[in-house]
Structure formats: C-alpha cells, structure tokens
Amino acid sequence: MEHVPTSFSLHCCIRSLQIFWLLLSFVCVCLLQASAQSQLPNIVLIVCDNLGFGDIEPFGSTVHRTPHLTRMASEGCKLTHFCVTAGVCTPSRASILTGCYSQRVGMHANPRDGRVLRPLSPYGLNLDEVTLAEVLKQAGYATTIIGKWHLGDQPQFLPTRQGFDSFFGIPYSDDMTRDVGQQLGERYDGSQWPPLPLMENESVLEAPTDRNLLTKRCTERALAFIEQHQKQPFFIYFPQPMPGSTAAPFASPRFRGKSKNGPWGDAVEELSWSTGAILDKLVELKLDDQTLVLFTSDNGAPMGKHPTRRGSNAPLFGPGYTTAEGAFRVPTIAWWPGAVPAGSVSSELVTTMDLLPTFAQLAKAELPQDRVIDGHDIRSILFGHPNARSPYEAFYYYEGEQLQAVRSGPWKLFLPLESFSNHPHFRRGEPTAPLLFHVVDDFGSERNLAAKHPDIVERLTTLAETARADLGDLGRAGQGQRPVGTVLAR
C-alpha cells in the first residue's frame, strides 16, 4: 500500500472540518431564519370608550396629562385618519371584530334597541360570523377580552362563544345600570335592567360593580395575562370601559379629582397610565420587539353640555353619536419597536375594519373565503413603507340604517336627504343640499366646496349608490347584508 504523506492527510482533515463547519453554519442560519419567520407577534388592541380625537396630548390636548401615550407616539406611529364605522358603540365594535361594516353583519340597528344593544336584548353578533378572536385562536393564539363587550349579553352571544378563551369585564356600557334602566327601560322595551355586572367568562362576579375601579382592575388582569402567556403568542382585546358613556366617567382614587378637566379628565389620565403599564410590562419581559400594541377609540367624544362630559374632538367638527368627522375619526397610535417606525405619522385613510385582515396576515392565519370582508391588509402603512397608500376607493358613513356621507380620497360628501333622525349638519324642516368637504385640509368641515366641484359630487354620489345596493339604506335592504344573531322567543 502506497504511503500517503502526513501533511496531505492533515490538509484533507482540515479541509473536511472547514466544509463541516460551513455546512453546520448554513443549517443554523436556515433554522434561525425559519424560527424568526415562524415567530408570531403578540397583539394588544386597546379600544377606549368615547375617547375623542383631541382628548390626548399626542393629538393636541392641553388639558389632559397623558405622558404614556406621548411616549407611545414618540416610539410608534400616529394614524391621523383612522376611522371607525359608526358614531356609537355596538356597530363600531362589530366592525372591529368582523372586519365588516356593521350593516353587513346586521349589527347597525334593531327594532328593540335602536343603534346600541341594551341589557337583556335578544340580539347579538351572529355566531356564524368569523371574529378576529376566532381567526387568531385557530392560528395558535391565546385570546382574551378584558373590558367592555357590548355585542350581546345573552349566553350564546358572550365573548367565550365568539373565539375568546376568557372574558373579564362588563357585558355592555358602564352607564347601563338598574337606575338608568328604571328611567329608560320602559321607554325602550319595558324591561327591568339588572345591576351592572362584572363578569368572569360567563359568570357574574359581582353586581353592581364599582365603576371607579374598572380601569385599575382590568389593567391588572391584562398584566397578569401577559405574564401567564409570555411563552406563546397571545391576543389581548382590551376594550376599556372608560371614559365611559353618557354617565359621569369614573376613576380610581389615585386619579380621581387630579386632572384639570373634572371626571372626564381623571378617566383619560388613568387610561394613559393603564397603557403605559402594559408597555412597561412588555419591555420588562423582553416582549416589546415581538408585540404590536394598537391604541384607539370606538367613536368620538359625545361633547355634551353635561359638566362631566367634556371630551374633545378638536380640531375635527362635530360630536360623537353622529356621522360628523369628530365621531368617526379617532386618536390612534400603533407601537411595535423595530417594526413600526418611531415618531412616524400616517395621514392615509384606514379603518377598524382593517384590523382583522391585517392581524390575520401577521399571524399567518387564513381569512374566511366564503364571505365578504370589507377591511384590508394595512401592514405597509403601519410599517411606514414609502409608497403605502389608503386601500379605500370609498368609505361610507352610516347613521344606523341610513347612508349619510361618502369619503373618497380627501373628499367627504354629505348626501342630500329627504328625512333623517340625527344629522351633524342638516336641521329638520330645512331643505338639504350636497355638502362637500376636503377633510385633509379642512379639519373643521367649514368650507362647502360642492358648487366648485360638481364632478366630485357626481362621482361620490355614484359611489353612494354602490353602497346602497350592497349594504342597504333607509327603507332599502342591501344584497350583501347578513342576519343579526337572535334569541328566539319561546
């Protein structure tokens, strides 16, 4: 056997080791990339109740101290044209969970309750609808709702039947108490409302609950959920019960009486603390770079004359509970260090209907293919892509069953109406005509440009007819509407 030089053997051995380590490094890189791609982001969705566009410092407030929201905006993105789909709670929340106009899913109005579900209602979000929680749960997420539900208080409509693993909070608005029910119940349905319940899953923990402690207790629950589920992807839907509905807002002793703006300001400042506590917990657990937190509101502030209702939608026109810009455009901040550009601002029109398709894409989850979803994937806008644009050719402003306005690009057209029950611009008994506002330049909706731009009025009027055919209008059913959930009378 021929003798092989030792130096040659050593060279071959070294070469083999080099190849081995190169292959091992390549495999490790591939595994790390696969792991990073398979890592699903946590999602925390905070939705305040009736918080106005001008109620927090990042959006111009000078009377409310909201340092944690200021920090959130400096580390994330302000969305200045983020819209809800209704000026009131129930239909707005239905859109958040289904990615659809509330008119499509039958949650815009009903004969018993009107536009907002009331205690003991036989109506609720149809179980045939696919919710945001169900989509994320199927993708492996732990899901919870902490706060205000308001999509049906009968057992079959509760969150635990709609894709949420757990529920802690109240089933409807904080002002729907027994006392209020005695004043309003007979007028609406003749029922006796129960004391406001605090619920855990499908059981009542206490009734009535202390509304002053709702923000504090709900925040503590959210922090505990993050601790418990930090090793798996989680979705927290945190619909804050405050600043609250038509009654006086509430706050815990730490914040009560401390703001410059009475009970409303106290509640807003506690909401800032609550959001900061969640951000701090994510940082503490080193989850911040893998968690999207989105802070918003279900509709604009009512801005009533009541001394405790001093919310602000400035500089937008009009109060909540209408189709005014101040009712539909809400203060919104997206935060995800390393993904959402710090200190960025987007003025592109996006809506709560976009949350379902966007979160589904982030979670690598499948959207239902057997139905219309009105929302769009807006990751490019959240992540600050330079060419990202609004996905909406048209966006519709409904007052219950009635289509009142259409937006396309920067233009918002209020349609002339023969009759209406509630309108931010028109007055009963007076003739109506088209109102066209450039809502990007004219925040206060002060300059009617309909006469100068008849072509735009015509185009938006045509878009309105598309909505009527699909989603309906007063006295007219739409071909794309689906039924509301109901409890059959025995």
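Coordinate-derived values only; no laboratory data. Treat the numbers as computed from the prediction; the structure is a model and nothing was measured. With ideal geometry, Cβ positions are generated from the backbone for all residues, glycine too; neighbour counts draw on all protein chains shown.
Taking each residue as 0.36 nm, the span from V440 to A342 lengthens on full extension beyond its C-alpha to C-alpha distance by 33.0 nm. Distance between the 7 Å Cα→Cβ label points at D210 and Q369: 5.3 nm.
As a quick test, which of the pairs K260/K412; K137/K281; K260/K281; K148/K216; K78/K258 have an alpha carbon distance above 25 angstrom in this structure? Pairs exceeding 25 Å: K260/K412; K260/K281; K78/K258. Simple spin-label estimate for Q230 and Q192 gives 4.9 nm between the two label positions (7 Å along the Cα-to-Cβ direction from each Cα).
With 0.36 nm allotted per residue and the present C-alpha distance subtracted, the E284-V487 stretch has 68.6 nm of extension available. Taking all C-alpha pairs of the stretch 251-297, those more than 12 Å from each other amount to 65 percent.
DSSP assigns beta bridges within the chain; of those with both partners inside it, close to 50 percent run antiparallel. Placing unit charges on the Cβ atoms only, positive for Lys and Arg and negative for Asp and Glu, gives the chain a dipole magnitude near 580 debye about its Cα centre. By the helix-only formula, in which each DSSP H run with n ≥ 4 contributes -39500 (n - 2.57) and the sum is divided by residues, the chain has a 222 nm mean residue ellipticity of -9000 deg cm²/dmol. Fewest neighbouring Cβ atoms within 10 Å first, the residues K137, K412 line up as K137, K412.
Dipole orientation for the chain: of the candidates W336, L214, F395, L214 has the Cα lying most toward the positive pole (charges on Cβ; Lys, Arg +1; Asp, Glu -1).
Per-peptide packing, taken as the mean over residues of other Cβ atoms within 10 Å, places 369-378, 46-55 in the sequence 46-55, 369-378 from highest down. Taking the fewest neighbouring Cβ atoms within 10 Å as the starting point, the ordered list for S121, S173, S344 is S344, S121, S173. Length, then width, then depth: along the principal axes, the Cα atoms of the chain run 112, 58, 52 Å. Take every pair of alpha-carbon atoms less than 8 Å apart whose residues are at least six positions apart; their mean separation over the length of the stretch 207-253 yields a relative contact order of 57 percent. Its convex hull of Cα atoms gives the stretch 395-478 a direction-averaged projected area, equal to a quarter of the hull surface, of 5.4 nm².
Note on S419, S166, S92, S445: ascending count of other Cβ atoms within 10 Å places them as S419, S166, S445, S92, the fewest first. Contact order, relative form, for the chain: 23 percent (alpha carbon pairs under 8 Å, 6 or more residues apart, mean separation divided by residue count).
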